[in-house]
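The structure appears below as structure tokens.
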Amino acid sequence: MPAPQPLAAFCPWIATEPQARLYLRPVGLLPAAARVEAPVLPLAGGRFAFALVEVIVRGRGRIERAVAPLSEVMGWGRERGAAVVDAIDRRLAALTRPRPPFAGVAAGGPAIMGIVNVTPDSFSDGGDFFDPAHAIAHGQALLDAGAEILDVGGESTRPGATPVAPEEEEARILPVIRHFAAAGAAVSVDTRHARVMAAALAAGARVVNDISGLAGDPGSLAVVADAAAPVVLMHMQGDPRTMQKNPTYEDAALDVFDWLEARVEACVAAGVPRDRIAVDPGVGFGKTLEHNMHILRHTALYHGLGCAVLIGVSRKGFIATLSRGEPAKERVPGSLAIGLECWSQGAQILRVHDVAETYQARALWDALHPAG
């Protein structure tokens, strides 16, 4: 993170660069009840607040960054003109607006989303729960361990995975969704196909979790809007077959932010309100190790989209790359380390395989960061 510096000489070209974009990333988060002399704003209406931001400005072929107190940022904006002040005001409004419950789960939790892969070939537990009875038993174990949401998927999206026909996907997941919906559980369907979304919602799923951000199937946005369903919009560069073949970004954190912002605006325009949207930067989906780390360090940036933030890092390959090459089921400690850091940047939902371990870690994290 850049060292704090005066803004007087920072980015003089922002007012004259038509394509300039401004971003604000809260840094040095404080307890929401902290009493300090500097101006402090709440982060997403949750347990954290911020008095310091990283100001990032991107124009054609250049990106500049500076860290400063909020009071200095506002003064700098006034010196740069009304358009810059408006951009700062919009970002701050999105960063500070309280997040309502998502799919009936309090946004300030933070919440644990447990993963139920009804697939023969998922990277982390391929085949373990392919039989619906096994998937139901596993989902119940996750609920008993403390999951607030169950995310049920029938298509592996690991790098290089072969697509699954929608009818096969439905056959895998619908019995599981019906079972848990009938029991009153909050169920999310992990799919990128409009037909499967519609069938899952009709079977009782409350949430659509789409790795393509409702951009992969032309009918998906209408399905979500018509059902008034909450949705998770995830970023992915390419598709599972191609996403790890030389993914490229100018700046991974900002490029993902821009893409998600466009998808959020498309949803809002189609009648899906911001309160029913969560965003997921898609760690591991079309990203290198360096891209993943850059995005995770910038988790707080994504609150600037005005939506709940969901992070999925559980058992992912970069954990082993940074450690000792452990197989997927031995990556729990690394998953927890990243997850706790994302919660400390205000993320509202963590998507995990290992619910019991995450629940225990959250209990300790809660004690260190009490709400209210």
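The values are calculated or read from the model by the stated rules, or taken from the named source; none is laboratory data. Computed from a predicted model, the values in this text were never measured in an experiment. As a convention, Cβ positions derive from the backbone with ideal geometry for all residues, glycine included, and neighbour counts pool all protein chains shown.
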Point to revise | Arg178 vs. criteria among the basic types (Lys, Arg), at pLDDT 95 or above and in contact with a Gly (Cβ under 7 Å, 6 or more places away or on another chain) | key: yes
Exercise for review: Hey, can you tell me all the residues within the range 5-44 that are surrounded by 12 or more Cβ atoms within 10 Å (Cβ to Cβ) and among the polar types (S, T, N, Q)?
Suggested key: Gln5
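With the requirement that a residue be surrounded by fewer than 19 Cβ atoms within 10 Å (Cβ to Cβ) and touching a residue at least 40 places away in the same chain (Cβ under 8 Å), what does the range 54-68 give you? Step through it out loud before you land on a result.
Within the range 54-68, the subset surrounded by fewer than 19 Cβ atoms within 10 Å (Cβ to Cβ) is 59-65.
Within the range 54-68, Gly59, Arg60, Ile63, Glu64, Arg65 qualify.
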Exercise for review: Output yes when any residue across the range 240-247 is under 20 Å from the mean Cα position of the chain (by Cα) and of a type in the set (Val, Ile, Thr), and no when none is.
Suggested key: no
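Results for (1) out of contact with any strand residue (DSSP E or B) (no Cβ under 7 Å at 6 or more places or on another chain); (2) closer than 30 Å to Leu174 by Cβ; (3) modelled with pLDDT of 95 or more; (4) among the acidic types (Asp, Glu), shown as yes or no for each residue.
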site: Ala49; (1), (2), (3), (4): no, no, yes, no
site: Val55; (1), (2), (3), (4): no, no, yes, no
site: Gly61; (1), (2), (3), (4): yes, no, no, no
site: Gly77; (1), (2), (3), (4): yes, no, yes, no
site: Val85; (1), (2), (3), (4): yes, no, yes, no
site: Gly109; (1), (2), (3), (4): yes, yes, no, no
site: Ile115; (1), (2), (3), (4): no, yes, yes, no
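So if I check each of Pro69, Pro31, Pro18, which one is under 22 Å from Cys307 (Cα atoms) and out of contact with any Asp or Glu (no Cβ under 6 Å at 6 or more places or on another chain)?
On the way: Pro69 fails: under 22 Å from Cys307 (Cα atoms); Pro18 fails: under 22 Å from Cys307 (Cα atoms).
Exactly one of Pro69, Pro31, Pro18 is under 22 Å from Cys307 (Cα atoms) and out of contact with any Asp or Glu (no Cβ under 6 Å at 6 or more places or on another chain), namely Pro31.
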Revision key, fill the gap. Filtering the range 268-295 down to residues that are surrounded by fewer than 22 Cβ atoms within 10 Å (Cβ to Cβ) and in contact with a Leu (Cβ under 7 Å, 6 or more places away or on another chain) yields Ala270
Point to revise | Single unsatisfied condition, Arg90 versus (1) in the same structural domain as Ser344 (by TED's automatic domain parsing); (2) modelled with pLDDT of 95 or more; (3) surrounded by fewer than 18 Cβ atoms within 10 Å (Cβ to Cβ); (4) not aliphatic (A, V, I, L, M) | key: (1)
Revision key, fill the gap. When Asp226 is run through (1) free of Cβ contacts under 8 Å to residues at least 12 places away in the same chain; (2) farther than 24 Å from Pro100 by Cα, the failure sits at (2)
